[in-house]
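Single-structure report; data block below.
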Amino acid sequence: MVESGAWGAFWKTVTTGDFDMERFREIVKTIPSDLKLIQQWARDTADAPVADCDVPYVFVLLQAAAFGGKAVDRMDGVWKHPGFRSFWEPTETSERRSVVNPMMPLPATIERRVADLVADSRLREVTVKHCDAMTTIPRGVTVYVDPPYLGTQQYNGRTLDLPVFIEQAQARGCDVWVSEAKPLLGGESVRLSKGRAKGGISGARRKANQEHLTHFTTNRGALMSGPWTPFEWAAFVFGSTLLIAAMVWLYYISP
């Protein structure tokens, strides 16, 4: 997994075993039990200084409180967010008849789910790189990309030139799969869903979101072509040097 934002920081601490569950519980305890006060807690927390080591813990809570579930991120020491949910109760005239909680899910559920992730030893087998995906494309692998859908809320200050990324990945012998709200040119697409009808305060979306999966195949000959990374060049030179040294020893030095 490669992710340059706060999600990358969260998943990296989980998969490396560095996630401090006790510290996370301490932060969860600062959230008010009164649902009507959680929005202000989120605002105050987003404005307050936070140590780098606490970013993964604070992030996952702020993300749950974000308005509309839109992206929260941290850049240049500042939380970037779309605002936070308030507690909402149905009125006599509203179509929706259930409350809207200020965090989805609520803190106790988040704590339980994160604890399950931290305790899952299988995640230690997952490698997470907290960096720019454009600089981290290995050779000959299957790549799945889940970018912000076209026409929807984009990530705060983070962009991915998708056509360029696909081209570079194909040049490195990769098969690329991309989720999007519509079929993408140059690949084979299949629609996964017809769109979700529910959502929003009223209980109905004005426009249903569709999901398409597009597959971009590649020429396996690209595994030995295309630009090499500095690491690959270093490995090639090192391996070639060892091979030459072994041949010299066998033919000229060994008895």
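Annotations for the structure displayed:
- Protection proxy ranking for 121-131, 73-83, using the average of other Cβ atoms within 10 Å per residue and placing the highest first: 73-83, 121-131.
- Approximate shape of region 1-157 as ellipsoid semi-axes (Cα gyration tensor, √5λ), whole Å, largest first: 29, 20, 16
- Highest-first arrangement of 137-145, 112-120, 12-20, 93-101, where packing means the average Cβ count within 10 Å: 12-20, 137-145, 112-120, 93-101
- Protection-proxy order for peptides 164-170, 42-48, 61-67, each taking the mean of Cβ atoms within 10 Å per residue, highest first: 61-67, 164-170, 42-48
Bear in mind these aren't lab numbers, they're just calculated from the coordinates by the rules spelled out. Remember, predicted model here, so these are calculated numbers, not experimental data. All Cβ positions, even for glycine, are placed from backbone atoms using ideal geometry, and neighbour counts span all protein chains on display.
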